[in-house]
Amino acid sequence: MEIKLILSQLLLISLVLLPPIDAADQLVEYQGSPKLSGPAKMIHDPQDTMLNALDAAMQKISTIYMQAVISGTHSPELEISLRGLEMELFDLLDELYKQHRLKDYMNYEAEVTRQMIIYNMLKRLFGYAQDNEKPV
């Protein structure tokens, strides 16, 4: 049972990360899935410190999560520090909301939610997440 789970995880990883092997020239043109390439690049005023801080926080979390989950170095200690980074990110989002910058808030909130869903799915796939569901 455990071997089947590991094999299915490896198959899913290879389908997501490996390029199709039709021709050698296609290998050069291959680009990774945009869903796994980190947060979307938001266009905004370069002088806006709040949005720059949000961009930096999202990029930092994205880089750490992806490296830790895929490389196998994810640990409970790392999870604690990542939770702190997540709280910092959500505090910045709250500050945007309090400043009544709803358009920016909606864009960033949607992107943060999308990234967190992806990372939680990856954690489950690689076995780092704990199931909260109880068997029926």
Filter pass, ALA110 being among the aliphatic types (A, V, I, L, M), assigned to a helix (DSSP H, G or I), at pLDDT 80 or above and out of contact with any helix residue (DSSP H, G or I) (no Cβ under 8 Å at 6 or more places or on another chain)
yes
All-but-one check, ALA110 against (1) exposed (fewer than 12 other Cβ atoms within 10 Å of the Cβ); (2) more than 15 Å from the chain's Cα centre (by Cα); (3) more than 27 Å from GLN9 (Cβ to Cβ), failing number (2)
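Looking only at segment 39-62, which residues are part of a helix (DSSP H, G or I) and within 14 Å of VAL112 (Cα to Cα)?
As a first pass, look at segment 39-62 and keep what is part of a helix (DSSP H, G or I): 49-62.
Those that are part of a helix (DSSP H, G or I) and within 14 Å of VAL112 (Cα to Cα): LEU51, ALA53, LEU54, ASP55, ALA56, ALA57, MET58, GLN59, LYS60, ILE61, SER62.
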Scanning segment 56-95 for residues that are out of contact with any helix residue (DSSP H, G or I) (no Cβ under 9 Å at 6 or more places or on another chain) and of a type in the set (Gly, Ala, Ser), the one farthest from ALA129 (Cα to Cα) turns out to be ALA56
Scanning segment 89-106 residue by residue, those surrounded by 14 or more Cβ atoms within 10 Å (Cβ to Cβ) and of a type outside the set (Phe, Trp, Tyr) turn out to be LEU89, LEU92, LEU93, GLU95, LEU96, ARG101, ASP104
Q) Any chance segment 49-68 includes a residue that's without any contact (Cβ under 8 Å) to a residue 12 or more places away in the chain and over 16 Å from the mean Cα position of the chain (by Cα)? A) yes
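Can you name the residue in segment 42-72 that is of a type outside the set (Gly, Ala, Ser) and surrounded by fewer than 10 Cβ atoms within 10 Å (Cβ to Cβ) and is also modelled with the lowest pLDDT among such residues?
Our first condition is that a residue be of a type outside the set (Gly, Ala, Ser); within segment 42-72, this holds for 42-52, 54-55, 58-61, 63-67, 69-70.
Within this subset, residues satisfying the condition of being surrounded by fewer than 10 Cβ atoms within 10 Å (Cβ to Cβ) are 43, 45-47, 49.
Working: ILE43: 70, ASP45: 79, PRO46: 81, GLN47: 85, THR49: 87.
So, considering only residues that are of a type outside the set (Gly, Ala, Ser) and surrounded by fewer than 10 Cβ atoms within 10 Å (Cβ to Cβ), the one modelled with the lowest pLDDT is ILE43.
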From the option list TYR105, TYR97, TYR128, single residue qualifying as at pLDDT below 85 and among the aromatic types (Phe, Trp, Tyr) is TYR128
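What are the residues in segment 113-125 that are of a type outside the set (A, V, I, L, M) and either surrounded by 15 or more Cβ atoms within 10 Å (Cβ to Cβ) or at pLDDT 90 or above (or both), if any?
Of all residues in segment 113-125, those of a type outside the set (A, V, I, L, M) come to 113-115, 119-120, 123-124.
Residues satisfying the conditions are GLN115, TYR119, LYS123.
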Here the qualifying pairs (Cβ atoms under 7 Å; residues six or more apart or on different chains; first in segment 95-124 and in contact (Cβ under 8 Å) with a residue 24 or more places away in the chain; second among the aromatic types (Phe, Trp, Tyr)) come out as LEU96/TYR105; LEU96/TYR108; TYR119/TYR65
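The values are calculated or read from the model by the stated rules, or taken from the named source; none is laboratory data. All values derive from a computational prediction rather than experimental measurement. Neighbour counts are summed over all protein chains in view; Cβ atoms, including those assigned to glycine, are modelled from backbone coordinates with ideal geometry.
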